Amino acid sequence: MEDLSTIINKVQSSEELDFDDGLLLMKSRNLSLIGALADNVRKKTVGDHVMFVTNCHINYSNVCNSKCKFCAYFREEGQDGAFTLSIDEIMEKAEKASNNGATELHIVGSLNPKLPFEYYEEILIKIHEKYPALSLKAYTAVEISHLSQICGMSVREVLLRLKKAGLTGLPGGGGEIFNERTRKQVCPDKISGERWLNIMEIAHGLGIKSNATMLYGHIETHEDIVDHILRIRELQKKTHGFQAFIPLRFHPDNTYLQKNGIVTEGPTGFEDLKTIAVARLLLNGYVNNIKSYWVMLGGKMSQIALAYGANDIDGTVMEERITHAAGGAAPEYMPKDRLIYLIRNAGRIPVERTSNYEIIREY
């Protein structure tokens, strides 16, 4: 078994881990030790609180010209199953979310070539006017880049317009995997990892906080994973704008990668837990909220991940289409009492939070 003593010493002395350390951890089979290290670091940094938010996902369209090979959600215009919500339909979902006690709307969709910038802006304006207490975490960096292209404004100008309209923060989606070689194989028409990071840097500079994500379990290498996490860490040192890191488990069903026999199985539970633990060890002290996203992992695995460095289980969600299009077996909605039960059963303290990680209530 590999010698992790140097890494153990670094972790115990709160010394920053480097690329080689991360690679050794990713290649290690000693999951119990890595998990224990991550759990100890988690406890020292954020204690036993496990955060969740009462939120609702609104996916406004699946008509997309990016056609990522890991995506089962997108459709072409006119294709069976294609949809685009009207503003009124989105407002109905916002009303339902507000009535159900949501404090955050998570609004993401696709790169729909027929939707004008004003559509995206009006969504925020109307929801913010009617439900000013709702935090609006809307549009990934990929969508922001798309909006910049279709309306001719700079990314900074787009973000300022959206912030004025009611934008609270950016979701972390679209990060996928930053390594250029791998990225070109799985999402050749999507913006580069550098572009994604640059947009996040601009957003953070405008006071717009965001999450960060990484899609794992497809064709990426251990090196790709460590590189991705460390590039997020480097930007965080500069901007302090990332609120949480979310490892996203690849679901292969109905994707190009599966249909063409490139990736037929998603990551194992071993890989799920190790990825979360390594993220905690590499990001700790910089991005202190590590999510075990139940929509991707399922309720039970997301609960187990709380013993491997995670301290956030996301939220009620209420509706989610993207993961479920790729065969995600978790429900589309997790009641608050179920989240609280899972957290308590793991020996942790459930804490409802706002979109900006302010504590609403401890249970």
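The values are calculated or read from the model by the stated rules, or taken from the named source; none is laboratory data. Because the structure is a prediction, the values reported are computed rather than measured. So basically every Cβ, Gly included, is an ideal-geometry build from the backbone, and we count neighbours across all protein chains shown.
Can you confirm whether M51 is crowded, with 16+ Cβ neighbours inside 10 Å and over 30 Å from Y363 (Cβ atoms)? Against the criterion (crowded, with 16+ Cβ neighbours inside 10 Å and over 30 Å from Y363 (Cβ atoms)), M51 does not qualify. Within the range 1-47, the set of residues being in contact with a Leu (Cβ under 7 Å, 6 or more places away or on another chain), more than 19 Å from H222 (Cβ to Cβ) and without any contact (Cβ under 8 Å) to a residue 60 or more places away in the chain comprises I8 only. Taking the conditions (1) without any contact (Cβ under 8 Å) to a residue 60 or more places away in the chain; (2) surrounded by fewer than 23 Cβ atoms within 10 Å (Cβ to Cβ); (3) in contact with a helix residue (DSSP H, G or I) (Cβ under 7 Å, 6 or more places away or on another chain); (4) in a helix (DSSP H, G or I) in turn, F270 satisfies each one other than (1). Of the residues that sit in the range 33-66 and are more than 16 Å from A310 (Cβ to Cβ) and not in a loop (DSSP other than H, G, I, E, B), which one is nearest to the chain's Cα centre (by Cα)? Ranking the candidates gives H57 first. Assess whether K209 counts as being crowded, with 20+ Cβ neighbours inside 10 Å and among the basic types (K, R). In short, yes. Within the range 156-180, the set of residues being within 22 Å of R249 (Cβ to Cβ) and without any contact (Cβ under 8 Å) to a residue 12 or more places away in the chain is empty. A102 satisfies every condition listed in (1) in contact with a strand residue (DSSP E or B) (Cβ under 7 Å, 6 or more places away or on another chain); (2) surrounded by fewer than 22 Cβ atoms within 10 Å (Cβ to Cβ); (3) in a loop (DSSP other than H, G, I, E, B) except (2).
Against the list (1) of a type outside the set (D, E); (2) within 16 Å of the chain's Cα centre (by Cα); (3) part of a helix (DSSP H, G or I), the condition F245 fails is (3). Has the range 306-318 got at least one residue that is at pLDDT below 95, of a type in the set (A, V, I, L, M) and either crowded, with 21+ Cβ neighbours inside 10 Å or touching a helix residue (DSSP H, G or I) at 6+ places or on another chain (Cβ under 9 Å) (or both)? The answer is yes, given that some residue of the range 306-318 is at pLDDT below 95, of a type in the set (A, V, I, L, M) and either crowded, with 21+ Cβ neighbours inside 10 Å or touching a helix residue (DSSP H, G or I) at 6+ places or on another chain (Cβ under 9 Å) (or both).
Against the test of being more than 29 Å from L115 (Cα to Cα) and not polar (S, T, N, Q), the options L170, L235 yield a single qualifying residue, L235. Exactly one condition in (1) at negative phi; (2) surrounded by 13 or more Cβ atoms within 10 Å (Cβ to Cβ) is not met by K67; state its number. Failing condition for K67: (1). Residues in the range 322-363 that are in a loop (DSSP other than H, G, I, E, B), closer than 20 Å to Q303 by Cα and either modelled with pLDDT under 95 or among the β-branched types (V, I, T) (or both): G328, A329, A330, P331, E332, Y333, M334, P335. When V295, V226 are screened for being modelled with pLDDT of 95 or more and either outside any helix (DSSP H, G or I) or aliphatic (A, V, I, L, M) (or both), only V226 passes. Restricting the range 1-26 to residues that are in a helix (DSSP H, G or I) and touching a helix residue (DSSP H, G or I) at 6+ places or on another chain (Cβ under 6 Å) leaves a set whose member that is nearest to L282 (Cα to Cα) is G22. Going by the conditions given, is E234 farther than 27 Å from Y120 by Cα, of a type in the set (D, E) and surrounded by 22 or more Cβ atoms within 10 Å (Cβ to Cβ)? So E234 does not fit the description; no.
Of all positions in the range 243-256, none carries a residue that is among the hydroxyl-bearing types (S, T, Y), modelled with pLDDT of 95 or more and surrounded by fewer than 23 Cβ atoms within 10 Å (Cβ to Cβ).
No other residue among R156, R181 is more than 17 Å from the chain's Cα centre (by Cα), part of a helix (DSSP H, G or I), among the basic types (K, R) and within 25 Å of N356 (Cα to Cα) apart from R156.
Taking the criterion of being under 28 Å from V53 (Cβ atoms) and without any contact (Cβ under 8 Å) to a residue 60 or more places away in the chain, the residues of the range 133-155 that qualify are A133, L134, L136, A138, Y139, T140, E143, I144, S145, H146, L147, V155.
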